[in-house]
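Notes for the one structure printed next.
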């Protein structure tokens, strides 16, 4: 039988291999002459199946292929879950020589597809934020078990976490359902201030202190709001007072007892309806000591405000969203149109200020007595606010609406407030306790102090 035949038996991992070579050329040579070579195949890690000239020969690394004819032989190895480097080797066999064929096996990583309903949740793998949002596919993952979580502000995930098994060159899946978390409504604190363009240095420094505070984290428009009213002393021609005399006087009369107690001095600052200035305030820390406890209150409802402007009219929609049953019959619902900032080319008063913040332009009582609200059933009210003609050419973006519920008794307590625009960043952080007293009697809509 002419030619060369290779027979083999696979026993991979057991170290057993049988090669039987039968040769026939018609006559048996009485002498033996070696005419073949060998290839030793190894891999790291071992145990890879060996392919010779495109065929699996039933051997696993490490193994030696003997009695190979001289010339080039193509060798490959394969181990599930691993990639071979190089993919194949062309090995030149020489007579009576053994050639080494060596392969490095690298684990093939797996991947993980993470989804959530709704989407947009952060993906956390093995306790580390991946920086990806659902839906996301994480690649290059090591084999084995991994813990995956998702996180979205205001939502709870079901399940809370999942253990997934990552296999080589395969994609595992993790899906989460997100449900809104019922959180208590955030309390917004409302500050109201009275000042004048000739009030110095107290008004100027208090203005700087307030706006510096409101620019800091935790004191933005989601927690702290401000409405500034103007008096007609010491400058009777204060432009903010003259822009809306009726509403400025009305709010001054509303807090008349506070002015009387303060000796008619300005600046006057009120927090959630309670007088807090004039007092021993000369640092931000002292002001925060008054405001911070107010944040901890639980109002039981949120106030949402949306507004649009056409010409001199600002239309506002105010939504009271109760979390619990509330009797608001002792509260009025008020709305103020606020401009921020108001800028002048030259200072309108003696303080030297050319930029003024959070100035009231219009004020109205939407409901003199509130309704009884049922938890989960919102109340929607609409109101039209007017801006002065002088505001007509000013940017609409500088106007926003503040709505608030205020108790109809001597406490003047404010239950909750809301607004439709954020307050801008402010600067400076010092305050003097100097106050400006009226130098002559003033007319307050029929009232004389």
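The values are calculated or read from the model by the stated rules, or taken from the named source; none is laboratory data. Note that the structure is a prediction, hence the values are computed from the model and not measured. A quick note on method: Cβ atoms are made from the backbone with ideal geometry, for glycine too, and the neighbour counts reach across all protein chains shown.
Among (1) free of Cβ contacts under 8 Å to residues at least 24 places away in the same chain; (2) in contact with a strand residue (DSSP E or B) (Cβ under 7 Å, 6 or more places away or on another chain), there is one condition residue 157 misses while meeting the rest; what is its number?
Of (1) free of Cβ contacts under 8 Å to residues at least 24 places away in the same chain; (2) in contact with a strand residue (DSSP E or B) (Cβ under 7 Å, 6 or more places away or on another chain), only one is false for residue 157: (1).
Would you kindly identify the strands (runs of 3 or more DSSP E) lying entirely within segment 107-153 that contain at least 3 residues that are loosely packed, with under 12 Cβ neighbours inside 10 Å?
128-133
What pairs come up if the first residue lies in segment 28-49 and is over 16 Å from residue 96 (Cβ atoms) and assigned by TED's automatic domain parsing to the domain that holds residue 65, the second is modelled with pLDDT under 95 and in a loop (DSSP other than H, G, I, E, B), and their beta carbons are under 8 Å apart, counting only those six or more places apart or on different chains?
Between residues of segment 28-49 that are over 16 Å from residue 96 (Cβ atoms) and assigned by TED's automatic domain parsing to the domain that holds residue 65 and residues that are modelled with pLDDT under 95 and in a loop (DSSP other than H, G, I, E, B), the close pairs are 43/79; 45/79; 47/12; 47/13; 47/79; 48/79; 49/12; 49/79.
Can you name every residue in segment 158-167 that is under 26 Å from the mean Cα position of the chain (by Cα) and in a loop (DSSP other than H, G, I, E, B)?
Selection gives 159, 160, 161.
Quick check, is residue 249 outside any loop (DSSP other than H, G, I, E, B), without any contact (Cβ under 8 Å) to a residue 40 or more places away in the chain and more than 26 Å from the chain's Cα centre (by Cα)?
no
Can you give me the number of residues within segment 188-213 that are under 25 Å from the mean Cα position of the chain (by Cα) and either within 25 Å of residue 235 (Cβ to Cβ) or surrounded by fewer than 19 Cβ atoms within 10 Å (Cβ to Cβ) (or both)?
So the answer is 2.
Taking segment 355-376, which residues are surrounded by 14 or more Cβ atoms within 10 Å (Cβ to Cβ) and part of a loop (DSSP other than H, G, I, E, B)?
Selection gives 357, 358, 370, 371.
Got a number for residues in segment 90-135 being closer than 30 Å to residue 43 by Cα and without any contact (Cβ under 8 Å) to a residue 24 or more places away in the chain?
Total meeting the criteria: 2.
Considering every residue within segment 281-288, establish whether at least one is over 22 Å from residue 403 (Cβ atoms) and free of Cβ contacts under 8 Å to residues at least 12 places away in the same chain.
Yes: segment 281-288 contains one or more residues that are over 22 Å from residue 403 (Cβ atoms) and free of Cβ contacts under 8 Å to residues at least 12 places away in the same chain.
For residue 327, indicate whether it is modelled with pLDDT of 95 or more and more than 15 Å from residue 240 (Cα to Cα).
Details: modelled with pLDDT of 95 or more: yes; more than 15 Å from residue 240 (Cα to Cα): yes.
Here the answer is yes, as residue 327 does meet what is asked.
Tell me, yes or no, whether segment 236-243 has at least one residue that is without any contact (Cβ under 8 Å) to a residue 60 or more places away in the chain, surrounded by 14 or more Cβ atoms within 10 Å (Cβ to Cβ) and touching a helix residue (DSSP H, G or I) at 6+ places or on another chain (Cβ under 8 Å).
For segment 236-243, residues without any contact (Cβ under 8 Å) to a residue 60 or more places away in the chain, surrounded by 14 or more Cβ atoms within 10 Å (Cβ to Cβ) and touching a helix residue (DSSP H, G or I) at 6+ places or on another chain (Cβ under 8 Å): present.
Restricting to segment 202-218, give me the number of residues that are out of contact with any strand residue (DSSP E or B) (no Cβ under 9 Å at 6 or more places or on another chain) and either without any contact (Cβ under 8 Å) to a residue 24 or more places away in the chain or under 15 Å from residue 267 (Cα atoms) (or both). Let's see the steps before the verdict.
Here is the first cut: in segment 202-218, the residues out of contact with any strand residue (DSSP E or B) (no Cβ under 9 Å at 6 or more places or on another chain) are 205, 208-209, 212, 215-217.
With the extra rule that they be either without any contact (Cβ under 8 Å) to a residue 24 or more places away in the chain or under 15 Å from residue 267 (Cα atoms) (or both), the set shrinks to 205, 208-209, 216-217.
So the answer is 5.
Quick check on my filter: what residues within segment 168-197 are at pLDDT below 90 and in a loop (DSSP other than H, G, I, E, B)?
Passing the criteria: 168, 169, 170, 181, 182, 183, 184, 185.
Can you tell me how many residues in segment 68-77 are part of a strand (DSSP E or B) and surrounded by fewer than 16 Cβ atoms within 10 Å (Cβ to Cβ)?
3
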